[in-house]
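Please treat every number below as a calculation from the coordinates, not as lab data. Computed from a prediction, not measured in an experiment: that's the story for all the values here. All Cβ positions, glycine included, derive from the backbone under ideal geometry; neighbour counts span all protein chains shown.
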Amino acid sequence: MRNACFDRTPLYHVDAFTKKPFAGNPAAVCLLEQTHKDSVLQSIAAEMNLSETAFLQKPERKPIEEERLFSLRWFTPKTEVDLCGHATLATAAVLFYDIGISATEISFETRSGKLTAKLEGDGILLNLPSCVTTPVNPDQDLLEAAKISEFKSAHFSKKTRDLLIVLEDEEALRNLKPNFDRMKSLRTSERMQGIIVTSKGHAPYDFVSRYFAPWVGIDEDPVTGAAHTVLGPFWSEILRKKEMRACQASERGGELTVKILAPNRVGLIGNAVIVSRGELYL
């Protein structure tokens, strides 16, 4: 079947928070020329079947290379989310490295407010809202499903709806093998999006983490920018540092630098690799 009658929409596959392809966290980036129904965007994200698909739209009619402000939304295969760091990094990489926009700093209007991305060194710095946590007593059934038998402390971020669990050491974190089917079947006391598991790291990393979100269609996310808006302030207070090196210890793995920019802002510096570029027929 020929697709000549359809609009051809640029579509990218980008690996974020990595300097090499086939590592880090993959995201799809879709450059929309017109507005589409949410159901269409959700169907595209399900078709891409990646942890997130980013949908970028420019508000003005001038060429995209001259734009400085964009609209940005993120969808998992199951739902729209309020914030996604790795798909934002992937989108910025497309604009800076492939589109070749003239600016060195760009802004995105999102459900989490205005976010910025700018070139910094050999990477890209994202300026995101930081998220505080409060201590909680996690549900025992949830801990058992996540295969967490011992932990140092637990905290909850109402903003991201993430449970943060601190483990004693990195080895315990890396060896976790959660039962995702059981996790999805549980009703928790908080409306939860995901679980961040973290511990102090071995050099050169200040801390390590993993992220599980089966409730939104992501059993384990390879590298989670949004989780580091929680992890950054948390570890900054413990380590007494304003800049930290972080590793997300998933199978694909990824790394980034986390900076405290202001009391309510966190910076994530990472690299991204554009793996492929194609067209989506809509």
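Can you list residues from other chains, or at least 5 along the same chain, whose modelled amide H is less than 5 Å from the amide H of GLY24? Excluding prolines and chain starts, which carry no amide H, the hits are GLY253.
DSSP beta bridges confined to the chain are antiparallel in about 80 percent of cases.
Model label sites at GLU279 and LYS241, defined 7 Å from Cα along the beta-carbon direction, differ in position by 4.7 nm.
Between LYS20 and ARG68, the contour length at 0.36 nm per residue exceeds the alpha carbon distance by 14.5 nm.
Amide H to amide H distances under 5 Å link THR79 with no residue, where only residues 5 or more positions off or on other chains count and H is placed in the peptide plane.
Electrostatic tally near LYS241: other residues with Cβ closer than 13 Å to its Cβ, Lys and Arg +1, Asp and Glu -1, net +2.
Counting only residues at least eight positions apart within a chain, or on another chain, the aspartates and glutamates with an alpha carbon under 17 Å from that of LYS37 are ASP7, GLU47, GLU80. Summarising the strand pairing of region 134-263, around 75 percent of its internal DSSP beta bridges are antiparallel. Restricting region 108-152 to GluC sites (Glu not before Pro) that sit in a DSSP loop and have at most 15 other Cβ atoms within 10 Å of their own Cβ leaves GLU150. Each of GLY232, ASN137, PHE70 was placed along the dipole of the chain (beta-carbon charges, centred on the mean Cα), and the one lying farthest toward the positive end is PHE70. Annotation: amide H-H contacts under 5 Å for SER153 (H modelled 1.01 Å from N, sequence separation of 5 or more, or interchain): VAL166. Compared with the direct C-alpha span, the chain from GLN57 to ALA203 gains 48.5 nm at full extension, assuming 0.36 nm per residue.
For region 1-75, the list of GluC sites (Glu not before Pro) that fall in a loop by DSSP and count at most 12 other C-beta atoms within 10 angstrom reads GLU60. With 0.36 nm allotted per residue and the present C-alpha distance subtracted, the THR188-GLU120 stretch has 20.4 nm of extension available. The modelled label-to-label distance for the pair SER102/GLU33, using points 7 Å beyond Cα in the direction of Cβ, is 2.3 nm.
Remark: region 137-152, residue by residue, has Karplus-estimated 3J(HN,Hα) of 9, x, 5, 5, 4, 5, 4, 5, 5, 7, 6, 9, 9, 9, 8, 7 Hz, where x stands for each Gly or Pro and the curve is 6.51 cos²θ - 1.76 cosθ + 1.60 at θ = phi - 60°. The phi-based Karplus calculation (6.51 cos²θ - 1.76 cosθ + 1.60; θ = phi - 60°) puts the 3J(HN,Hα) values of region 250-261 at 7, 4, 6, x, x, 9, 7, 9, 10, 10, 7, 8 Hz, whole numbers, x for Gly and Pro.
In order along region 158-165, phi translates into HN-Hα couplings of 5, 5, 9, 6, 10, 8, 9, 10 Hz, rounded to whole numbers, per the Karplus curve 6.51 cos²θ - 1.76 cosθ + 1.60 with θ = phi - 60° and x for Gly and Pro.
In region 154-236, Cα pairs under 8 Å separated by at least six residues give a relative contact order of 26 percent.
The helix-based estimate of mean residue ellipticity at 222 nm for the chain, built from -39,500 (n - 2.57) per DSSP H run of four or more residues and divided by its residue count, is -5000 deg cm²/dmol to the nearest 500. For ASN175, the shell of other residues with beta-carbons less than 15 Å away shows a net charge of -3, using +1 for Lys and Arg and -1 for Asp and Glu.
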